[in-house]
Amino acid sequence: MPNHKKVKQLAIIGSTASGKTSLAVKAAKVIDAHILSLDSLSIYKEIDIVSAKPAQEEREGVTHFGIDVIYPNEIFDVTTFIALYHEVYQKCLQEDKALVIVGGTSFYLKMLIEGVSNLPTISESTKRETAEHLLDLPNAHALLNSLDPAYMSKIENNDSYRIEKALDIYLETGTTPSVYFKANPPLPTIQDDLPIYQIEWDRNILRERIALRTKIMVNAGLIDEIVMLEKKYSRSPNCMKAIGIKETLAYLDGIYTENEMVEKITINTARLAKRQRTFNNSQFDDVVRGSVEDLEKILLG
């Protein structure tokens, strides 16, 4: 007789520094859950301080997945998180656990819900042609927009990752992304109900939280961590361009003073928070939004 048992699951999203980790741990302890982190920096081993990765004591005995999975010089994309989700879901079934999905990189959650189409194999010649186009990102966006305005309307002209993928598809297949994806529809990974809870903060208060967290990171050894990462992995990996890392490298180059570095990290993190909030508000339906206190009352009962 087939086993139709399902895992109870929920997702917590919100801007960086909004308190997602703490809320997720509290919720996980109440419903006896594992946690899957969807974070584009915490997935890396050795990137600890700048990623604001939850320390072991902050995890309060709750098993976390999606943290310390790969090294900084290893490449990953959304398919990495899809594979992680399948692994964690099976573990939850085996151990009779619920699942809390949490993270600031909500794009990965969207892809888990909507699914990802199988992409064509990209030839070396196409990769070279794409790379040439990417030298002028706005022009590359304009080219794609003239060919496929509906698809490109959701992609900013500085979104190098998504522009690159759209170029690869067009140059490899000779068809626009819209045509390609219509012929190769995505298959959702998460097919069961998934309640989503979004933490909201007043922008000014969130900015203060970001500024405080940045200072805490510096005091915890941020500069030493970046020195170690650069020495071990160079500046080539994509993760070395992340907020907090690139500003610290500029400080090490003598471009910023330490105070200027702290201010730049704070400003850029606040801008990231704004983009995250805009993305979350536009990409997910039927979301329960509220303050940390409001959501605690709902989730913790």
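Could you tell me how far the Cα centroid of segment 9-24 sits from the Cα centroid of segment 158-181, in Å? So the two Cα centres are separated by 32 Å.
In this label model, A142 and L93 are separated by 5.1 nm, measuring between points 7 Å along each Cα→Cβ vector. Near the amide H of A98, within less than 5 Å, lie the amide hydrogens of A33, H34, all on another chain or at least 5 residues away, with H placed in the peptide plane.
Name all residues of segment 48-74 having a backbone nitrogen under 20 Å from the label point set 7 Å from the Cα of L212 along its Cα→Cβ direction, giving them as ranges. The answer is 49-55, 57-59. Highest GNM mean-square fluctuation among I155, I267, I12, for the chain modelled with Cα contacts below 10 Å: I155. Taking the number of Cβ atoms within 10 Å of each Cβ as an exposure proxy, the fewest-first ranking of K182, K53, K45, K110 is K182, K45, K110, K53. Counting Lys and Arg as +1 and Asp and Glu as -1 over every other residue whose Cβ lies under 15 Å from the Cβ of I70, the net charge comes to -4. Cross-link partners of K231 among lysines, defined as those whose alpha carbon lies under 25 angstrom from its own and excluding same-chain residues fewer than eight positions apart: K45, K53, K215, K241, K246, K264.
Normalised by 2.2 N^0.38 Å, where N is the number of residues, the alpha-carbon radius of gyration of the chain equals 1.05. What separates the Cα centres of segment 286-301 and segment 131-150 is a distance of 41 Å. Phi-derived couplings, Karplus 6.51 cos²θ - 1.76 cosθ + 1.60 at θ = phi - 60°, listed residue by residue for segment 52-58: 6, 4, x, 5, 4, 5, 6 Hz, with x used for Gly and Pro. Arranged from fewest to most other beta-carbon atoms within 10 Å of their beta carbon, K8, K97 become K8, K97. In terms of other Cβ atoms within 10 Å, Y161, Y44, Y85, Y233 run from fewest to most in the order Y161, Y233, Y85, Y44.
Computed from backbone phi with θ = phi - 60° and the Karplus coefficients 6.51, -1.76 and 1.60, the 3J(HN,Hα) list for segment 182-188 is 5, 7, 10, x, x, 10, x Hz; x is used for glycine and proline. The slack between E258 and S160, meaning 0.36 nm per residue of separation minus the straight C-alpha distance, is 32.3 nm. Note on K45 and T80: their simple-model spin labels are 1.3 nm apart, each label 7 Å out from Cα toward Cβ.
For segment 1-100, the relative contact order comes to 41 percent (Cα pairs under 8 Å, sequence separation of at least 6).
Only lysines eight or more places from K97 in sequence, or on another chain, were considered; those with a Cα closer than 22 Å are K5, K6, K8, K20, K26, K29, K297.
All of the numbers you see were taken from the coordinates with simple rules; none came from a lab. Note that the coordinates shown come from a computational prediction; the quantities given were computed from them, not determined experimentally. Note: ideal-geometry Cβ built from the backbone for every residue, glycine included; neighbour counts use all protein chains shown.
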